[in-house]
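Participant: Input: one structure, supplied below.
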Amino acid sequence: MRRSRKDGDSVDEERDSRRRRIVDSPSSPAEEPLVPYNDDEDDERRVLDHSGGAEEVGRRVETEEEDDDDDDDDDPYGRGSILDKSNRQVEVRRDCPYLDTVNRQVLDFDFERFCSVSLSNLNVYACLVCGKYYQGRGKKSHAYTHSLEAGHHVYINLRTEKVYCLPDGYEINDPSLDDIRYVLNPRFSREQVEQLDKNKQWSRALDGSDYLPGMVGLNNIQKTDFVNVTIQSLMRVTPLRNFFLIPENYQHCRSQLVHRFGELTRKIWHARNFKGQVSPHEFLQAVMKASKKWFRIGVQSEPVEFMSWLLNTLHTDLRISKKSSSIIDKCFQGELEVVKETQNKAISERKEGGGEHNGALKIMDGATENNNIGTETYRMPFLMLGLDLPEPPLFKDVMEKNIIPQVPLFNILKKFDGETVTTTVRPPARMRYRVTRLPQYLIVHMRRFTKNNFFREKNPTLVNFPVKNLELKDYIPLPAPTKENEKLRSKYDLIANIVHDGKPDEGFYRVFVQRKSEELWYEMQDLHVSETLPQMVALSEAYMQIYEQQQ
């Protein structure tokens, strides 16, 4: 059925309803942003969001895009003479007289793919002469009108990557446009992915700037440095990076956040970019939608909250069933044994309320009661370990200066030796933690910020840590390997170190990351990327770190 072009209201209503049908499946932010985490929470709701209808809507949108595109071409005079679309063919030509008007300097595919006139995301084309986005290529479309008004004739479909000449309407098939397609949608073969950590070559952008693939700066759109340092840190996790560089690994997933994270990963590691930096604009839009604006542009947040939410959401969206694992599990998930001592009154209240311990997965090893104190022992998974810093001194010294204290990393790691007691206020309990399984990549977070009723405070304590060969078994008891010939892998190397500079509410984040191909360290703060010494990494106010297990 062909819709009537005379009834403008019905067309507008149909277009509005079509926009409302675009897939929108936000994921709720984790209630407990800090460790330990629970990936079973809201699973049934998430499965409903992501399992039903999304693919059908996506297919329907694609069909309507083509119909929207073809309607204008088939019936230029609005008389209802529709040609059979199976018989209609678009001419494909290799020689186009307008190819020399293509201006690669103005092309930027990092932003949301919306028409600059209608603000629609259906059937969007990019003008390869001025870089603007327009909808459609039929005779009444915005791209067609722009080609006549501005004299710009070469357009690329942002979804199909096909290039057309307007207003003539033929498709251009020329190998000279392949570099634009690679920037629009970077591609990696499995052989290229395996060689990434061996590549020492620099790349040159069109503006003449040199950059290192994987070490490109990220635009700070507005107070989004907490996102930038998190992304740059995760780009050093080799299995995670390799997984997202190959889109076939997650093509079954319908989550926009997963696909936008994959696109951003490919752009950061692409060696043929037109410019030496990347804008995470599309990824941030997906984050805002998935987190229901918990994280949004223009509002500063903490990297630890964003890291925890991102890993939990990616894990939930990637796994096929409730019991299946994901690449997030394989990289970051370890296991803790928790011993909790509470007063009997607190235990009975919790049992009457039917609540679970933080909603976390737990394996009850036993519960005992002694002198009105109940003891529970259970195990739970973790994605990162939260470390408590000692309180800084309240008074100045004789020189009228506040001394900034220093503490070795091993001292604050004693929290997980199974003997050190950690007291919690709500609910009142005494907790003891012991690591029972180490992850391949260990994320630790130093709790620098505390909130009271009046303001937010920052703990300036410096943490002394080794950049290489962090041996955990010397400081916390670890379980023996389960297999006979298996070796206990408890030695770690630092690969990313996020630091915070300045006052609690006015400061900014930057990150030190290691480039494996040369074993050099780089300091990254938004667009600023510079080489630094390993000694400088250990002199900063460490906020969050990622360690890689030695194999």
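The values are calculated or read from the model by the stated rules, or taken from the named source; none is laboratory data. Everything numeric in this text was worked out from a predicted model, so none of it was measured. Cβ coordinates were reconstructed from backbone atoms using ideal geometry, including for glycine residues, and neighbour counts include every protein chain displayed. The area values use the complete protein model at the heavy-atom level, side chains included, leaving out ligands, DNA and RNA. Shrake-Rupley method; radii C 1.70, N 1.55, O 1.52, S 1.80 Å.
Participant: Using a 1.4 angstrom probe with every protein chain in place, what is the largest-first accessible-area order of TRP294, TRP269? Display every interim value, and only then the final one.
Facilitator: Working: TRP294 85, TRP269 25 Å².
Heavy-atom accessible area, descending, gives TRP294, TRP269.
Participant: Tally Lys and Arg at +1 and Asp and Glu at -1 over the other residues with C-beta under 13 Å from the C-beta of ARG93: what net charge comes out? Kindly include the intermediate steps, with their values, before the conclusion.
Facilitator: Details: positive: ARG94, LYS162; negative: GLU91, ASP95, ASP168, GLU171, ASP174.
With Lys, Arg at +1 and Asp, Glu at -1, the net is -3.
Participant: With a 1.4 Å probe and every protein chain left in place, work out the accessible area per residue of the range 94-199 in Å², rounded to a whole number.
Facilitator: 46 Å²
Participant: Counting only protein chains, not ligands or nucleic acids, how are MET446, MET536 ordered by accessible area (probe 1.4 Å), most first? Can you show the working numbers first?
Facilitator: Details: MET446 0, MET536 95 Å².
In descending accessible area the options line up as MET536, MET446.
Participant: Just list whichever of LYS267/LYS516; LYS198/LYS487; LYS289/LYS516; LYS139/LYS267; LYS223/LYS293 have alpha carbons separated by over 23 Å in the model shown. Don't skip to the answer; put the middle values down first.
Facilitator: Values: LYS267/LYS516 19 Å; LYS198/LYS487 27 Å; LYS289/LYS516 34 Å; LYS139/LYS267 34 Å; LYS223/LYS293 14 Å.
Cα-Cα > 23 Å for LYS198/LYS487; LYS289/LYS516; LYS139/LYS267; rest within.
Participant: Sticking with the crude label model, points 7 Å out along Cα→Cβ, report the distance from ARG94 to LEU206 in nm, one decimal please.
Facilitator: 2.4 nm
Participant: Using all C-alpha to C-alpha distances in the range 192-318, build P(r) with 5 Å bins and read off the rounded percent in each one.
Facilitator: Calculated P(r), rounded to whole percents: 2, 10, 20, 23, 20, 14, 8, 2, 0.
Participant: To the nearest 10 Å², what's GLU149's accessible area with a 1.4 Å probe?
Facilitator: 150 Å²
Participant: With labels modelled as points extended 7 Å from the Cα through the Cβ direction, what inter-label distance (nm, one decimal) is found for GLU171 paired with ASP197?
Facilitator: 4.1 nm
Participant: Let me ask something additional. Leaving out ligands, DNA and RNA but keeping every protein chain, what accessible area does PHE111 have, in Å² rounded to the nearest 10, with a 1.4 Å probe?
Facilitator: 80 Å²
Participant: Same structure again: Dipole magnitude of the range 92-182 about its Cα centre, charges +1 at Lys/Arg Cβ and -1 at Asp/Glu Cβ only, in debye to the nearest 20? Please list the in-between numbers first.
Facilitator: On the way: 11 positive and 12 negative charges, 73 e Å.
Magnitude of the dipole: close to 340 debye.
Participant: Report ³J(HN,Hα) in whole Hz for each residue of the range 383-394, in order, from the Karplus equation J = 6.51 cos²θ - 1.76 cosθ + 1.60 where θ = phi - 60°; Gly and Pro get x.
Facilitator: Karplus-based 3J(HN,Hα) across the range 383-394 equals 10, 8, 10, x, 10, 8, 8, x, 5, x, x, 7 Hz.
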